[in-house]
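Data block below; observations after.
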Amino acid sequence: MHIQWTAFGEVLVVSFGVAIGIIAVFAIGVGLLSAPGPTPESTHLTVATAGRRTTAPRAPSTSRYAVARKVTAWLCFLVCAFAVAYGLYMIIAR
Amino acid sequence: MGASGAVASGMTPCPLAPGRLADDAWEGLPVETVVVLVVITALLFDFTNGFHDTANAVATSIATGALSPRVAVLLSGALNLVGALLSVKVALTISSGLIDEAKITTTVIFAGLVGAILWNLVTWLIGLPSSSSHALFGGLIGATWVAAGAGAINFHTLVAKVLIPAVLAPVVAGLTALVGTYLAYRITERARQSDVGQGFKVGQVISASMLSLAHGTNDAQKTMGVITLTLITAGVLPQGSPPPLWVILSAGLAIALGTAFGGWRIIRTLGTRITEIHPLQGFAAQTSSASVILVSSHLGFPLSTTQVCSGAIFGAGAGRRLARVHWGLAGQMALAWTLTLPAAAAVGAVAAQVALISTLGTILVALVAIAVAAGIYLLSRRNPVDADSLAQVPADPAAVPTAA
């Protein structure tokens, strides 16, 4: 009796790799979009001037970081969208 | 349903001369009556296939609240219909090489369908997910065995393409979902959990849609194959004909209606009784299932959608630290999966034995099948499960904790 063990192995390796890849990339995207927001301490500098404590906006590096995070997140979702499109292709072309 | 990637090898030409009925069991009945009876039976099977397998695509989405129960089954039904219409190749043989299709007659098809329908209804009544494809294969094997003997059954194909995948499919999907869930929790552990949940709910809607689409493409085509072969056997269509438009539409509509009808009992089992599903786990389970199903289909390797999805939910449950997974239910499901093929075969064999006697025998089989189906429906009304009651069912408290 000939059992196609190679085909079984192929299904295991490919589907495992594809699924783990999509889940991980999507999770990275969700994680980046859901990262804890900046606290007042992180967005403003506390400055002591003549005995009075005032706050001033921190340098724009924090907002740049937030933008980079969003862009990376949406790139992750784009990768997942390509995977979905390829899945649709596999369904339709079959 | 079941076998997601049935082997694509072209519609098997019918060995019978056009215009001649397959056997003498239908003697005395006009061809049109025979065709209508078998077509209705095939569409009924397609309907049971739909509501039996709704859970595969939507159970975890309903459990996490990503979709409301009614919206979930309507969306899944619509996508099943789209899936049925997407592929016009209809390259599935109705038996995937399990039986010698030259030996298939209208009586064998009818009896096999009766076996599959009744097994689907029994497992639906007790809320156990089982493969509709395996039920169909079992019914056909049993009926063929009675009609043409054991020599008409390819046992090698049975082992290689049904039994071994039945063992491996849930393990592969479960392992994938387990690792995926664990990894996703690690990646998102420092993020705001409420936002993470919302993000994965969106992902769940997409992955559930993919599963529904794949299901419609695979399973509706199997019924199209059954009806087309019946039409060829009865001489209504010439040999080698593709399915007519009305067959494609009716099979697509039957599975879509069945899906939209909502197999709430099995949805409850998969969505709430295995483990308490979080959106991340639902996404991981559905993505793992879709990946395993599509890859195996692409490689021409049949797997049961039901077994893949069930295994993935168990894996997703085990992948979350301190999650409670009801492993006892896995044993019940494994028992149902083990029994599906022989039980459907037994019913198919008995149905064929009686139906092959005469036209009266065939009518008797149809009446008994209707009576049993009605009885199962009445039994189900004693403990009805619907969309409203589904939302009130908590996760099974008997579930035991598992290590992450």
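Read-outs: derived from the displayed coordinates by stated rules, not from any lab. Remember, it's a predicted structure, so these values are computed and weren't measured experimentally. As a convention, Cβ positions derive from the backbone with ideal geometry for all residues, glycine included, and neighbour counts pool all protein chains shown.
Odds and ends about this structure:
- C-alpha long axis of helix B:132-148 to longest principal axis of chain B, angle in °: 20 degrees
- The C-alpha atoms of chain B define a longest principal axis, and helix B:327-355 lies at about 10 degrees to it.
- Within chain B, longest stretch free of exposed GluC sites (Glu not before Pro) [DSSP loop, at most 13 other beta carbons within 10 Å]: B:190-404
- Relative exposure of B:THR259, B:THR176, judged by other C-beta atoms within 10 Å (fewest first): B:THR176, B:THR259
- Region B:80-206 - Debye-derived log10 I(q)/I(0), Cα point model, q = 0.13, 0.16 Å⁻¹: -0.76, -0.96
- For region B:158-239, the normalised intensity computed at q = 0.14, 0.20, 0.23 Å⁻¹ comes to -0.77, -1.06, -1.13 (log10 of I(q)/I(0), Debye sum over alpha carbons, equal scatterers, no solvent).
- Along the axis of the charge dipole computed for region B:204-332 (Cβ charges of +1 for Lys and Arg, -1 for Asp and Glu, origin at the Cα centre), the listed residues B:TRP327, B:SER209, B:CYS309 are led at the positive end by B:TRP327.
- For A:SER15, B:SER68, order by how many other beta-carbon atoms lie within 10 Å, fewest first: B:SER68, A:SER15
- Each residue of region A:21-29 is assigned a 3J(HN,Hα), and the resulting list reads x, 5, 4, 5, 5, 5, 5, 4, x Hz, derived from the Karplus form 6.51 cos²θ - 1.76 cosθ + 1.60 (θ = phi - 60°), x at Gly and Pro.
- Here the relative contact order of chain B, from alpha carbon pairs under 8 Å that lie six or more residues apart, stands at 35 percent.
- Tail beyond 14 Å, pair distance distribution of region B:260-347 (Cα, percent): 69 percent
- Calculated mean residue ellipticity at 222 nm for chain B: -23000 deg cm²/dmol, from DSSP H runs with n ≥ 4 weighted as -39500 (n - 2.57), summed, divided by the residue count and rounded to 500.
- A Förster radius of 25 Å combined with the Cβ-Cβ distance from A:HIS2 to A:ILE92 puts the calculated FRET efficiency at roughly 0.20.
- When A:CYS80, B:CYS309 are arranged by Cβ crowding within 10 Å, least crowded first, meaning fewest neighbours, the order is A:CYS80, B:CYS309.
- The per residue volume of the convex hull around the alpha-carbon atoms of region B:147-306 is 158 Å³.
- Working note: Debye formula, equal point scatterers on the alpha-carbon atoms of chain B, no solvent; log10 I(q)/I(0) at q = 0.06, 0.08, 0.11, 0.12 Å⁻¹ is -0.22, -0.39, -0.72, -0.85.
- Using a simple spin-label model with pseudo-atoms 7 Å out from Cα toward Cβ, A:GLU10 and B:SER194 lie 4.9 nm apart.
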